[in-house]
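Quick notes on the structure that follows.
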């Protein structure tokens, strides 16, 4: 048995989304079984199946180190603060 | 309603309906116990499709050729009729299978025969039957891919391949019985309800069986009881399983 990751997409602008996984002996049966396991109620219009063996998987030690770089988190707070300050200054000048 | 209708045509349609119903029931009994989860879902879903075809056909029978306005209770009366003399099913769909290999082989044999059967009524003068054929073929195309996909994967492997070939030897004679003319078929042919007698396509189906299972010789087709008016030993227990919930409370309204 191989394990497949199942992606579904509705027609329109939505992207493909991960729906789950399934076990099947080959690609043909994976297609057939995906239809019954994930598309019984017309949950998508398009289907991608990815053999899990073909995934490129990032090891955790490769992914983790960026957690300590708050300067990369652009939440807009500092710019908002500067704008607020400038607006307050401007209002004072006008009065 | 301009479609032809008489007792012979009724028998003819009823036989297809009973086959579809019992095949659907048998497939659905694999829920929870098929070899793996995805297969469990797929096989029961296929069974559900067959039950849908049966419901359409029973509605044609109950409405004397016109299925419009036939309610569920009327369908249930036919589908769960406790009187064995009302049934016209082939013995292939009545027997209990000893395991998954038999269930799979029956699934393929039945669906290959069904394909031919639906083709014969695709241009039926009985309009609702022609419409049912179009709808069924859309689903059957998928059923066949399912059965073929499993056989492609399993036939070349030692243990599974042996089990499948054993199942074929056991089930082939019963499957040939599907083609035994039902009483009324002559009238169905005469009125254009079906294009030709079902057994005129038996050689073509047999060739497909030979190719599919890669066997040179097949067991003797055997003699199926004529007219489909006798039930196999397996029918009683199957009908009891089907009626089990109904009989928990005979007075309940569903």
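Here are the numbers for this structure:
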quantity	calculated
Any pair with Cβ under 8 angstrom, 6 or more apart, that starts in segment A:11-31 at a residue that is within 18 Å of residue B:43 (Cβ to Cβ) and more than 14 Å from chain B (Cβ to nearest Cβ) and ends at one that is surrounded by 17 or more Cβ atoms within 10 Å (Cβ to Cβ) and at pLDDT 95 or above	none
Meets criteria (over 15 Å from residue B:107 (Cα atoms) and not in a loop (DSSP other than H, G, I, E, B)) for residue B:46	no
Checklist (1) modelled with pLDDT of 95 or more; (2) surrounded by 19 or more Cβ atoms within 10 Å (Cβ to Cβ); (3) not in a loop (DSSP other than H, G, I, E, B) applied to residue B:38, failing item	(1)
Residue under evaluation residue A:41, criteria (1) within 18 Å of residue B:44 (Cβ to Cβ); (2) surrounded by 12 or more Cβ atoms within 10 Å (Cβ to Cβ), criterion not met	(2)
Filter result (over 25 Å from residue B:237 (Cβ atoms) and either under 14 Å from the mean Cα position of the chain (by Cα) or within 14 Å of chain A (Cβ to nearest Cβ) (or both)) within segment B:36-64	B:36, B:37, B:38, B:41, B:42, B:56
Evaluation of residue B:183 against (1) within 13 Å of chain A (Cβ to nearest Cβ); (2) at pLDDT below 95 (one fails), failing number	(1)
Segment B:136-151: number of residues that are touching a helix residue (DSSP H, G or I) at 6+ places or on another chain (Cβ under 8 Å) and exposed (fewer than 15 other Cβ atoms within 10 Å of the Cβ)	1
Residue in segment B:27-35 that is within 14 Å of chain A (Cβ to nearest Cβ), in contact with a strand residue (DSSP E or B) (Cβ under 8 Å, 6 or more places away or on another chain) and in a helix (DSSP H, G or I) present	no
Segment B:213-239, residues that are outside any loop (DSSP other than H, G, I, E, B) and at pLDDT below 95	B:226, B:227, B:228
Top-ranked residue of segment A:32-48 - restricted to ones that are out of contact with any strand residue (DSSP E or B) (no Cβ under 8 Å at 6 or more places or on another chain) and more than 23 Å from residue B:148 (Cβ to Cβ), ranked as farthest from the other protein chains (Cβ to nearest Cβ)	A:42
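The values are calculated or read from the model by the stated rules, or taken from the named source; none is laboratory data. Predicted model only: the values in this text are computed from it and were never measured. With ideal geometry, Cβ positions are generated from the backbone for all residues, glycine too; neighbour counts draw on all protein chains shown.
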